[in-house]
Amino acid sequence: MGRTFGDSIRGTGMTASYWPADMSDPVLDLTVGGMLRDAAAQAPDQLALVEGIPDGGARRRWTYAELLADAEQVARALLARFRPGERIAVWAHNIPEWELLELGAGLAGIVMVTVNPAYRASELAYVLRQSRSAGLFLVPEVRGNPLLRHVEDVRPDLPELRDVIRFDEWDDFLASGSPDTTLPEVAPGDPVQIQYTSGTTGFPKGAYLHHRGICNNARYTATYLQVSPGDVWANPMPLFHTGGCVLGVLGAISKRAAHVLVVGFDPQLVLELVETEGANVLGGVPTMLIALMEHPDFSSRDLSTLRAVISGGSTVPAHLVRRIESTLGVRFSIVFGQTEASPVMTQTRLDDTPEDKAETIGQAHPCQEVAVLDPETGEQVPRGALGEICGRGYNVMLEYFEMPERTAETIDADGWLHTGDLGTMDDRGYLRVEGRLKDMIIRGGENIYPREIEELLFTHPAVADVAIVGIPDDRWGEEVAAVVRREAGSEVDENELRAFVRERLAPQKAPRQWAFVDEFPLTPSGKIQKFVLREQFEKGELAEGDDR
């Protein structure tokens, strides 16, 4: 990276890499249900939710009054089966019922556990077991993935899972609630979601988020986007991700905007929705935005209502920022953060320069402190010196659910959330990401954790050793690559190993590039030097296969 960790600032006279919290827009005592009630009271007839499906005539629509009424009905049905504080998981693609469940759970004081619909049986079982979920809501199938069958396979091993509710039996579920049920008082500091993420251990950890954190974080993000009442926010981001269920759902509610929930990312559908629904704001990772501009329909669609685009999840090159702003005629905003931060820590403003939008991740959000700390000493490094980007504020998660040791590794005694990202801060408080302490791979905005894939491949009898690394990719930001040392005498090839991974993990986790070696570059202590492998891939010295 061309830099070393900054020396201690003691005695240097240099300004520390620290940016204080801007309290001019204070944190509000908000809950998911309270925010929805406020929106329904202030703008009852304002369009709130649109079902973004291809058939325009069949799209369902909710005003804010209707959205609140339906969410309250969901809350009463939930309380007929579950107690406040219990956890329910949701496993489905983007459907309005997913959003209604999110809002209803918030009103009922029940914690929602979000599950990626690309997960296979073993991944689902881990999430349900670790979160101790009492219920699961799901669709039977998503894009060929048989969710219902997976549940049937793992349910005998999940004694705490009392209830499985199918979204195609939604009306029966709603009817199970009593109209006389009194909804509980929910506090801003109460838990609201568990979102699973991971780290260097390779074992997923459940970020335990609270109402105050996600509601204010969504509000601040929407403020940076200059969203106004009556605006239309088109959201193709998956709801199981905070970019969908926090920034999209709650961001729109915070500004009394209409949330166009795209059923699943398809560039043709998104372009049509922007035009016909008159979208003013669009969210999406860079991969999605590239696909929109490359689609044949792009030049024929009227996208003139579009005013702002929000993106994040991977580095956005300067030329892409300029291309998006000039081609779409919009202003661009880039967010940085992580699930544990509810999720946004920093954001570029719409009027920042293309260079700042491409080369930095902006300044700290309101009511958050940001610092760049020496990973070894924990001290703030001088401005411009490399260190670990850390944040502190209202938005930090409560904990990793029932993982106190892992929580202590991420949130230190002073309350700093350690991101694992290496970066620098300039004199304006703008941050630049230079690399990662973690080996996490960000592919198209999705976090992929090498250890999980490595541990699976280690179970294959033909694999003696393996390293998973992220390599640059023009379309996805990063792509997953595997370097394998075979067992003696084995002739296993990439096709067999790729199939082995795809049968057991979500498709995006299956390496796209494979290489086979007789030995790995090692540190003196015997650890694989992954940075050397990445360099060899980039130089073309390792690539032996690619399934694209």
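The values are calculated or read from the model by the stated rules, or taken from the named source; none is laboratory data. Computed from a prediction, not measured in an experiment: that's the story for all the values here. As a convention, Cβ positions derive from the backbone with ideal geometry for all residues, glycine included, and neighbour counts pool all protein chains shown. When the accessible area is computed, the model is the full protein with side chains, heavy atoms only, and any ligands, DNA or RNA have been set aside. Shrake-Rupley method; radii C 1.70, N 1.55, O 1.52, S 1.80 Å.
Measure off, as a whole percent, the carbon and sulfur share of the 1.4 Å-probe accessible area of the chain, all protein chains present. Using a 1.4 Å probe with all protein chains present, the chain comes out at 48 percent carbon and sulfur. Annotation: amide H of Lys205 within the under-5 Å range of Thr197, Ser198, sequence separation 5 or more or interchain, hydrogens built in the peptide plane.
Each Cα pair under 8 Å and six or more residues apart adds its sequence gap; the mean of these over the residue count of segment 323-457 is a relative contact order of 19 percent. Rounded if a/c is under 1.5, else prolate if a/b is larger than b/c, else oblate: which is the chain, with a ≥ b ≥ c the root eigenvalues of its Cα gyration tensor? The shape class here is rounded.
With the contact rule set at Cα under 8 Å and sequence spacing of 6 or more, what percent relative contact order holds for the chain? With pairs under 8 Å counted, the relative contact order is 15 percent. Computed with every protein chain present, the accessible area of Arg322 is close to 100 Å² [probe 1.4 Å].
In this structure segment 220-264 gives 17 Å² per residue of accessible area when probed at 1.4 Å with all protein chains present. Split the chain at each of the GluC sites (Glu not before Pro) in a DSSP loop with at most 16 other beta carbon atoms within 10 Å, and the longest piece is 186-375.
Which net charge results when you count Lys and Arg as +1 and Asp and Glu as -1 among the other residues whose beta-carbon is under 9 Å from that of Met425? Computed value for this residue: +1.
Positive-end ranking of Leu328, Ser304, Gln347 along the dipole of segment 303-379, with charges on Cβ about the Cα centre, is headed by Ser304. Pairs spanning more than 28 Å between alpha-carbon atoms, out of Lys205/Lys357; Lys509/Lys539; Lys509/Lys530: Lys205/Lys357. Magnitude of the charge dipole for the chain, about its Cα centre and with charges confined to Cβ atoms of Lys, Arg (+1) and Asp, Glu (-1), is about 500 debye. Rounded to the nearest 5, what % of DSSP beta bridges with both residues in the chain are antiparallel? About 60 percent, rounded to the nearest 5. Assuming a ≥ b ≥ c are the square roots of the Cα gyration tensor eigenvalues, decide whether segment 283-384 counts as rounded (a/c under 1.5), prolate (otherwise, with a/b larger than b/c) or oblate. It comes out prolate by the Cα gyration axes. Note on Tyr430: accessible area approximately 20 square angstrom, rounded to 10, probe 1.4 Å, nucleic acids and ligands left out. The H on the amide N of Asp421, modeled in the peptide plane, is under 5 Å from the matching H of Ile389, Leu437, each at least 5 residues off or on a different chain.
Each of Gly248, Leu269, Val281 was scored by the projection of its Cα onto the charge dipole of segment 199-327, and the greatest displacement toward the positive side belongs to Gly248; charges sit on the C-beta of Lys, Arg, Asp and Glu. Please give the net charge around Asp163, taking every other residue with its beta carbon less than 15 angstrom from that of Asp163, where Lys and Arg add +1 and Asp and Glu add -1. Local net charge: +2.
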